[in-house]
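The values are calculated or read from the model by the stated rules, or taken from the named source; none is laboratory data. Nothing here was measured: the structure is a model prediction, and the numbers come from that model. When we count neighbours, we look across all protein chains shown, and the Cβ atoms used for this are built from the backbone with ideal geometry, even at glycine. Side chains included, ligands, DNA and RNA excluded: accessible areas come from the protein's heavy atoms. Shrake-Rupley method; radii C 1.70, N 1.55, O 1.52, S 1.80 Å.
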Amino acid sequence: MVEAIRAPKQPTRKGNAFRIFHKMPFKIHSNKAPKLEDKEKEKESMPPHQENAELLLKYDPLRDLGDCPSSSRKDSGSEASADFNGNRKRSPNEFEQASWITKHSVYLAWLVLLIFAHIREFMRRVGLESNKKVPLELDSQWCRFLGTDQDGHFPPLYSDFESTYTRNCYMRVKDVFERPIGSCPGAKVNVLDRYSKDYNWSFIYPGTQTEVINTGSYNYLGFAQSSGPCAEAAAASIDVEGITTCGQASQTGLPSSQHRLESLVADFLGTEDAICFPMGFATNSLHCTAIADKNTLILSDEYNHASLRLGSRLSGANVKAFKHNGEHEGPREVFEGGGRVREQEEMQTLQQGITKLIQSLLQIIIIIEGIYSMEGSICDLPTIIALKKKYKAYLYLDEAHSIGAMGRSGRGVVEYWDVDVRDVDIMMGTFTKSFGSAGGYIAGSKRLVSHLRRASPTNFYCAPMSPPVAEQIIGSMSIIMGKDGTNEGALRIDRLARNARYFRLRLKQMGFIVYGSDDSPVVPLLIYYPTHCGEYGRQMLARKIAVVVVSFPATDMTESRVRFCLSAAHTKEMLDEVLDAVNVVGDHAFSKHSKKAHLYKNKRIEW
Amino acid sequence: MSLMLFFEQNTLHILLEFVLVGVATWLYVQRRKAQAKLAREPRLTPEEEDALIAEWQPEPLTPETPDDHFALNPRIANGKMTKEVVMDGKTCLNLASTNFLGFIGNERIETKAKQTIFKYGVGSCGPRGFYGTVDVHLDLEKDLAEFMECEESALYSYGFATIASAIPAYAKRGDIIFVDKACNFSIQKGVQASRSTIYWFDHNDMTDLERLLEEQDQRDKKNPKKASKVRRFLVVEGLYANTGRICPLPKLLEFKWKYKVRVFIDESFSFGVLGKTGRGVIEHYGIDPIQVDLVMASLENAIASTGGFCAGRSFVVGHQRLSGLGYCFSASLPPLLATAANEALTMIKEDPGRVHRLQDRSRALHAGLTEALKGSPFRCREGEVLAPFRHVEVADSSLRKEEKERMLDEVVEKAFEEGILIARARYLDENEAFPIEPSIRVSTQSELEDFELKRALNVIERAAKIV
Ligand SMILES: Cc1ncc(COP(=O)(O)O)c(C=O)c1O
């Protein structure tokens, strides 16, 4: 079969092989319809079998998926109702777009910001503005070691734009980032008071603290606690196992707490085996290398976390990003390369790709996240799994934000979508969020985990998990699983789901644009203007609420946002307080951009 | 008339324009041709495609690992990894950990850590930028900077990520990094992530380094404009984990000024170990810290906690708070580990005698081990006498690698049977940039008594003779 259709040998550009898989069945439903005459002309010169290519254009990959729950997207604003199983319906991801006027004025805001940045930078260079606290390269000090006759000048350490941006844009709002806290990051947290006399270049801490409502920490299930069974177990483990082992698992041995944790994680997720690491970031960035190599095609969501992107890059695999956009049914574009393939390249023949593909491509790995931490959206797992099966790809699912927070019993998006955990080849997650601890895991088949144990750099070069940190996870995970004999875990999960739904609907009712699914506890509220970040951060703090504001480079240039992370520890009263405050600040800043508020107008939103 | 004059005066210019237009047209035509050719290529029908997909069989995700692989069966530590440790139920004298200053099990540190849990909980539940900065992080950063006599330090939540993130925060595509061939794996990952041009020089070989620098200088002279923008870095380890040798810092700094390269030192194994008060290799050589651009170190060895830090001038270190990937995009260090590290640091400051004791022990280990291995098929890898660990390798370098590994494994096993825990230094051989000679790592710690060291050396001597 393959022989028959193999095209004559052609010099192809490297990488064409990989393009094949994102073009294969649906040569591409490009929005640009070819011009009519062109079409006529093509017909004339078209060899007979090319007519099939026309059919190809119409091919819909979701055709064979039928009516999987993911693709049944309902009108936003519909009431959450129970289906016949008594389960809640899943809410679709929403990405309401603001009007073009808003979008363009955001660019204007950036322009003004950058113009002023350059003016300031210029003034600094000619000495009109001098701030003693601005750290400098210190040429003069270096001369001490050189003697004054030598040239002490090094190539600049930073690029111009980078330093202009940090010094003049970031520095103006630095006070809303890296705000130190002085207590456990629970539902309420003490932030250290600080002020600056030199435009945020340095801070003065008078030593006082203010208690605020905390919507900034990733404390989904409220396990960030300084008392209670988990904290006690963690403290007790210090007496038994100490704080660290000062050695590597493969050389000096594994602490027994980590050993116990690994089997508990496998048990919790329902996989054959699991391996744990002391840092979530390193779990991703180091282990992609152990799985993928240069013969692998990695299809990665464009909004994947930095650690996943770093890992894919380090692995040397061919990485393609696909568009993250729930409304456009993202997964369909999985194999399309985000439509970024240029027109000319689209003309590339399929055979070239396929022949090469069969020669060189060994595996395809799709990397997605459960909940996207900046978008608040939930991945469309069933669709992805169907695609993965069709193309025999492997699936790497990062559940950093969803494990514990999603699903009836906290088992993440796999449970939320009711899919078989065995369909996800690599289950990754972190303990930093829902479990109130630190670290990450990879779970999956015995074969996968054994391979990771053999090939993981953490086993060879770094320390294993600290025992109290592992013990905290064992404690919180046991509570979620109900192993402590109470229904505490189930209550927490339920509270979080209610909080998320209530909070999101109320925000939408007020007229804010909120991204993502109504089931997700990550709530990004779009404020668009980068200049509003400082405003929101300060105004909300003045109202005793800690929020996270994000802007470029963590988000798109035009989509600065405020992010709330809800927690099971929040009470309805706290949420109402937050909502009232956002309402006022939002009115002040004119950031109620939504055109769908009327859908929610007369709706009673119950907690 | 004036037109003629114009042509006359600008002949060359006009000719050039014509040539340019010609080239552009030619390129355009070529492209159209290529496109047309592509369009004429036969295409697949959906059935054919489906068949192709059906025929394509991907490789399994991962290879099979044999059940008896050592990595699948690590020893399980019950209890604390102190000087005495219970491994797989057997009590051993621990010469494997990198707990050089004996801080594991220290009551003062443990009390502090427990107090921290009851004040801050265990996790910090957020990255540094988003309410994950706890006041204890700021305290530790300040104390570390003070201890290292630097302006500022930045704390990471994992030692490996510290080094692997710090390097690419500065070195970008197009920059140049000179790296020692014996550098550890985290440096290798860091320079790989930076996408810079990498030049490897032989381990501690200053002539080789000078040759590379000189070559680069020649290249730069040819294109001084470009060279004035290209950053050059020199990445070394203070005390090389893989060999136990110290970097020749004074010479490196000489090169720094001469060739305008910035010096980054990984002090993971020398921090708390070298120097009169444990400040590392910079103090060991009595050098002003301002000369070194960045010191990176993990807190997982002498300090006996988890995490790592970078220290240097504010101009340099401050940059990581926005561009160190592992700093920005990962949850911060659990507060209890930060306070534990800070307590350990305070104890070093209060009593530098600990560091001196360690240096004594290191000398004793060096002398004792060299003596013990005389007449056996093993030898000590040449290294610094102050290094608190030694690599023992097979003397006969002509043997096959598997054979050497078997012999070393046997020594470790024999020693374990007699209650001495030493570590087989293991590497990810297929991922390392350069092959590493298999070895055993024997470590010491400041709290090891003379008689204990003697006992251990006796056991090693016997084990080495039998093999
Ligand atoms: C999707 C994702 N993966 C991995 C991580 C890193 O986890 P950790 O904070 O434990 O290093 C994060 C954290 O922010 C994340 O959002």
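Could you list, in sequence order, all residues of region B:230-257 that are within 17 Å of B:PRO168 (Cα to Cα) and basic (Lys, Arg)?
Within region B:230-257, B:ARG231, B:ARG232 meet the criteria.
So for region A:271-292 (the condition being under 15 Å from the mean Cα position of the chain (by Cα), farther than 30 Å from A:GLU241 by Cα and within 11 Å of the ligand (Cβ to nearest atom)), does at least one residue qualify?
For region A:271-292, residues under 15 Å from the mean Cα position of the chain (by Cα), farther than 30 Å from A:GLU241 by Cα and within 11 Å of the ligand (Cβ to nearest atom): absent.
Yes or no: A:CYS169 within 16 Å of the ligand (Cβ to nearest atom), touching a Pro at 6+ places or on another chain (Cβ under 9 Å) and either more than 10 Å from chain B (Cβ to nearest Cβ) or among the aromatic types (Phe, Trp, Tyr) (or both)?
No, not satisfied.
Provide a single number: the residues in region B:335-351 that are open to solvent by less than 40 Å² (accessible area, probe 1.4 Å) and either in contact with a Cys (Cβ under 6 Å, 6 or more places away or on another chain) or farther than 29 Å from A:GLY436 by Cα (or both).
Qualifying residue count, region B:335-351: 2.
Among the residues of region B:155-162, is there at least one that is closer than 21 Å to A:ALA470 by Cβ, facing chain A (nearest Cβ under 7 Å), open to solvent by less than 10 Å² (accessible area, probe 1.4 Å) and not in a helix (DSSP H, G or I)?
Looking through region B:155-162, at least one residue is closer than 21 Å to A:ALA470 by Cβ, facing chain A (nearest Cβ under 7 Å), open to solvent by less than 10 Å² (accessible area, probe 1.4 Å) and not in a helix (DSSP H, G or I).
Could you give every pair whose Cβ atoms fall below 9 Å, whose first residue belongs to region A:178-205 and is on the phi > 0 side of the Ramachandran plot, and whose second residue is of a type in the set (A, V, I, L, M, F, W, C), counting only separations of at least 6 or pairs across chains?
So the pair list comes out as A:GLU178/B:PHE130; A:TYR199/A:MET171; A:ASN200/A:MET171; A:ASN200/A:VAL173.
Examine region A:431-447 for a residue that is more than 14 Å from chain B (Cβ to nearest Cβ) and either touching a Leu at 6+ places or on another chain (Cβ under 9 Å) or part of a loop (DSSP other than H, G, I, E, B) (or both), and state whether such a residue exists.
Yes, there is a match, as at least one residue in region A:431-447 is more than 14 Å from chain B (Cβ to nearest Cβ) and either touching a Leu at 6+ places or on another chain (Cβ under 9 Å) or part of a loop (DSSP other than H, G, I, E, B) (or both).
Which of the residues belonging to region A:390-415 are open to solvent by less than 30 Å² (accessible area, probe 1.4 Å) and away from the ligand (no atom under 16 Å from the Cβ)?
Scanning region A:390-415 gives A:TYR391, A:ALA393, A:GLY407, A:GLY410.
Restricting attention to region B:307-347, report how many residues are within 16 Å of the ligand (Cβ to nearest atom), small (Gly, Ala, Ser) and touching a Pro at 6+ places or on another chain (Cβ under 7 Å).
3
Does B:ARG128 satisfy being in contact with a His (Cβ under 8 Å, 6 or more places away or on another chain), among the basic types (Lys, Arg) and within 8 Å of chain A (Cβ to nearest Cβ)?
It is true that B:ARG128 is in contact with a His (Cβ under 8 Å, 6 or more places away or on another chain), among the basic types (Lys, Arg) and within 8 Å of chain A (Cβ to nearest Cβ).
Take B:ARG455 and decide whether it is surrounded by 15 or more Cβ atoms within 10 Å (Cβ to Cβ) and within 23 Å of B:PHE269 (Cβ to Cβ).
no
Condition test on B:ALA145, is it more than 7 Å from chain A (Cβ to nearest Cβ) and surrounded by fewer than 16 Cβ atoms within 10 Å (Cβ to Cβ)?
In short, no.
Quick check on my filter: what residues within region A:218-237 are touching a Lys or Arg at 6+ places or on another chain (Cβ under 8 Å) and at the interface with chain B (Cβ under 7 Å from one of its Cβ atoms)?
If the condition is that a residue be touching a Lys or Arg at 6+ places or on another chain (Cβ under 8 Å) and at the interface with chain B (Cβ under 7 Å from one of its Cβ atoms), then A:TYR218, A:ASN219, A:SER226, A:ALA235 are the ones that fit.
When only residues in region A:297-319 that are surrounded by fewer than 24 Cβ atoms within 10 Å (Cβ to Cβ) and more than 13 Å from the ligand (Cβ to nearest atom) count, which is nearest to A:GLY376 (Cα to Cα)?
A:GLU302
Keeping to region A:509-562, report how many residues are assigned to a helix (DSSP H, G or I) and open to solvent by 10 Å² or more (accessible area, probe 1.4 Å).
9
Condition check ((1) more than 30 Å from A:LYS188 (Cα to Cα); (2) surrounded by fewer than 19 Cβ atoms within 10 Å (Cβ to Cβ); (3) within 19 Å of the chain's Cα centre (by Cα)) across all residues:
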position: B:GLU107; (1), (2), (3): yes, yes, no
position: B:GLY123; (1), (2), (3): no, no, no
position: B:PHE130; (1), (2), (3): no, no, no
position: B:CYS150; (1), (2), (3): yes, no, no
position: B:SER186; (1), (2), (3): yes, no, yes
position: B:LEU213; (1), (2), (3): yes, no, no
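Has region B:363-379 got any residue that is among the charged types (D, E, K, R), in a helix (DSSP H, G or I) and modelled with pLDDT of 90 or more?
Checked region B:363-379: at least one residue is among the charged types (D, E, K, R), in a helix (DSSP H, G or I) and modelled with pLDDT of 90 or more.
Can you tell me how many residues within region B:152-174 are at pLDDT below 90 and under 26 Å from A:ARG194 (Cβ atoms)?
Summing the residues that are at pLDDT below 90 and under 26 Å from A:ARG194 (Cβ atoms) in region B:152-174 gives 0.
Answer yes if at least one residue in region B:380-394 is within 27 Å of the chain's Cα centre (by Cα), within 14 Å of another protein chain (Cβ to nearest Cβ), closer than 28 Å to B:PRO63 by Cβ and open to solvent by less than 10 Å² (accessible area, probe 1.4 Å), and no otherwise.
Checked region B:380-394: no residue is within 27 Å of the chain's Cα centre (by Cα), within 14 Å of another protein chain (Cβ to nearest Cβ), closer than 28 Å to B:PRO63 by Cβ and open to solvent by less than 10 Å² (accessible area, probe 1.4 Å).
Please verify whether region A:203-223 includes one or more residues that are touching a strand residue (DSSP E or B) at 6+ places or on another chain (Cβ under 7 Å), within 16 Å of the ligand (Cβ to nearest atom) and within 30 Å of A:GLN363 (Cα to Cα).
no
Is it the case that region A:437-457 has a residue that's within 12 Å of the ligand (Cβ to nearest atom) and on the phi > 0 side of the Ramachandran plot?
The answer is yes, given that some residue of region A:437-457 is within 12 Å of the ligand (Cβ to nearest atom) and on the phi > 0 side of the Ramachandran plot.
Taking into account only those residues within region B:56-81 that are part of a loop (DSSP other than H, G, I, E, B), open to solvent by 40 Å² or more (accessible area, probe 1.4 Å) and at the interface with chain A (Cβ under 7 Å from one of its Cβ atoms), which is farthest from A:LEU254 (Cα to Cα)?
Only one residue fits best here, namely B:GLU59.
Specify which of the listed residues (A:LEU136, A:LEU111) is modelled with pLDDT of 75 or more and open to solvent by 40 Å² or more (accessible area, probe 1.4 Å).
A:LEU111
Report, by residue number, each residue of region B:88-128 that is within 16 Å of the ligand (Cβ to nearest atom) and not in a strand (DSSP E or B).
B:GLY121, B:VAL122, B:GLY123, B:SER124, B:CYS125, B:GLY126, B:ARG128
Would you confirm, using the coordinates I've provided, whether A:MET477 is over 22 Å from the mean Cα position of the chain (by Cα), more than 15 Å from the ligand (Cβ to nearest atom) and open to solvent by less than 10 Å² (accessible area, probe 1.4 Å)?
Considered against the rule, which asks whether it is over 22 Å from the mean Cα position of the chain (by Cα), more than 15 Å from the ligand (Cβ to nearest atom) and open to solvent by less than 10 Å² (accessible area, probe 1.4 Å), A:MET477 comes out as yes.
Which condition breaks for A:LYS483 when tested against (1) away from the ligand (no atom under 16 Å from the Cβ); (2) at pLDDT below 90; (3) part of a helix (DSSP H, G or I)?
Single failed check for A:LYS483: (3).
Residue by residue through region A:150-172, note down the ones that are under 12 Å from A:ASN200 (Cα atoms) and open to solvent by 30 Å² or more (accessible area, probe 1.4 Å).
A:THR166, A:ARG167, A:TYR170, A:ARG172
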